[in-house]
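Below: the structure, in structure tokens.
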Amino acid sequence: MKSIDNIPTSKIQRASKLITTGLKVGVNYAKYYGEKIVKSEEEAKENLNEANATDIYDGLKTLKGSALKVAQMLSMEKNILPSAYVEKFSLSQFSVPPLSPPLVVKTFKNYFKKSPLEVFDTFTAKSVNAASIGQVHKATKGSKNLAVKIQYPGVAESISSDLAMVKPIAIKMFNIKGEGSDEYFKEVENKLTEETNYVLELKQSKEIAEQCKNIPNLKFPNYYSEYSSEKILTMDWMEGVHLSEFTSKNNSVEVLNKIGQALWDFYMYQMHVLKKVHADPHPGNFLVSEKNELIVIDFGCMKEVPDSFYVPYFELAQKENIENSEFFESKLYELEILRDDDTDEEKKFFKSLFYEMLSLFTQPFHEEVFDFSDDVFFNRIAELGQKYAKSTELKKMNGNRGSKHFIYINRTFFGLYNLMHDLKANHIQINNFKSL
């Protein structure tokens with residue numbers, strides 16, 4: 001993959017790049033309207049989605065940072081976005097153009113005040129993995145093989161301006177409007193700011209590795225504060241294949257269930273015991289070792305789960321509570337899904353919508369053992385997502401619903417469910433974390 005020698009860092013440069021991308025999208029729509037005359041609506045729309053996904057991703061991948069991180073988050077919305085966008089945006093998880101070796105050395109020296117070879121015995125200036133906020137390089141120090149994550153220049157400084165440019169797209173896509181919408185964007189901005197603070201990530205990584213060390217078949221790298229800084233993070237080099245590559249191979253059911261159980265236990269232990277969860281569950285953050293152990297390699301995005309949200313959220317994971325209409329409604333108010341200023345029509349609509357959603361999404365918690373390979377379950381999730389994505393009734397209403405904590409908790413569960421389905425894990429003990 002071709003490397004890049006510079007990243008637009010100023011507000012004007014980044015805005016100009018997005019404007020150029022917007023113009024390309026406009027041309028694509030012009031072609032689409034022309035194609036509708038000579039081709040079927042389905043074929044013309046498919047070509048439009050493919051062209052837009054390519055142009056938008058190509059624009060975002062050169063910007064990196066928050067703009068590309070949004071694409072990464074959207075790539076997990078398999079039930080909302082057309083497949084062309086999901087496939088293209090999925091590249092942002094672990095496959096984007098890296099910085100050129102000269103720019104890497106210059107960036108490292110700016111951050112650490114020393115060149116890489118003044119810090120490490122060996123350092124490979126060509127990256128082995130490039131993502132949205134930083135890229136990874138191999139290094140050695142004594143007998144240790146190390147992975148060194150270097151943050152892209154200008155990423156931390158451009159978060160607010162990037163989100164301001166992306167905000168209109170998000171508002172339209174997710175039907176966000178009305179008072180209080182700013183708190184959703186502030187939540188995303190705060191999390192992205194945390195992800196660019198490698199001192200915080202170092203602390204979180206060490207804490208989670210220590211707290212979750214007793215979970216079977218789960219491994220973490222060691223982290224090295226002496227070789228890290230606010231924008232450089234150094235850890236053990238972990239041998240393994242990305243989870244997406246692992247799931248593409250022919251693995252035995254026993255192995256898939258072993259990895260799946262480790263992944264599920266990891267998330268349930270964090271959620272229910274630590275009340276703080278790794279909120280970035282995409283394949284690029286997980287490796288599988290030769291011994292079929294799950295390796296977790298990124299703790300930049302951690303979400304604390306306050307009791308004020310945790311308690312009503314998981315009370316609604318119980319089937320009997322969902323079926324109790326009065327109790328169900330009271331919890332929807334606690335979670336800010338229903339509001340005091342709702343009309344009778346809005347109240348009826350959103351109560352019905354969330355009853356349907358929660359009855360389906362909480363099914364794994366209604367069982368002692370669950371089959372995540374069940375295509376019927378995941379097809380129903382996809383159908384429900386498509387139903388409300390196309391709902392004209394929903395588009396007329398204020399989609400600004402729910403506590404700000406839903407953003408990353410829902411992201412966590414959607415990502416986790418998708419990973420479990422990709423693994424085809426079919427015998428997962430749901431409450432196994434209680435015995436750890």
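Per-structure values
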item	result
Solvent-accessible heavy-atom area per residue, rounded to whole Å², over region 246-336 at 1.4 Å	39 Å²
Where labels lie 7 Å past Cα in the beta-carbon direction, separation of Asn431 and Glu345 in nm	4.4 nm
Rounded FRET efficiency, nearest 0.05, which uses the C-beta distance separating Ser161 from Thr122 and R0 of 45 Å	0.75
Those residues of region 324-368 whose amide nitrogen sits under 12 Å from the label point placed on Lys387, 7 Å along Cα→Cβ	352-361
Accessible surface of region 280-341, 1.4 Å probe, proportion on carbon and sulfur as whole %	43 percent
Extension gain, His366 back to Glu326 (0.36 nm per residue minus Cα-Cα distance, nm)	12.4 nm
In range of the label at Asn145: residues from region 233-272 whose backbone nitrogen is under 16 Å from the point 7 Å along Cα→Cβ	235-242
In nm, spacing of pseudo-spin labels at Val273 and Lys39 (7 Å Cα→C-beta vector)	5.3 nm
Positive minus negative residues near Tyr33 (Lys, Arg vs Asp, Glu; Cβ under 14 Å)	+1
Virtual spin-label span in nm between Ser352 and Asn222, 7 Å along Cα→Cβ	6.0 nm
Where region 384-436 is the region considered: accessible area per residue in Å², 1.4 Å probe	43 Å²
Stretch gain in nm, segment Glu230-Lys213, where the contour uses 0.36 nm per residue and the Cα spacing is subtracted	3.6 nm
Loop GluC sites (Glu not before Pro), region 340-435 (other Cβ atoms within 10 Å of the site Cβ: 14 or fewer; DSSP)	Glu367, Glu368
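The values are calculated or read from the model by the stated rules, or taken from the named source; none is laboratory data. It should be emphasised that the depicted structure is a prediction, and the values quoted were computed from it without experimental measurement. Note that we place each Cβ from the backbone using ideal geometry, even for glycine, and neighbour counts take in every protein chain shown. Note: areas computed on protein heavy atoms with side chains; ligands, DNA, RNA excluded. Shrake-Rupley method; radii C 1.70, N 1.55, O 1.52, S 1.80 Å.
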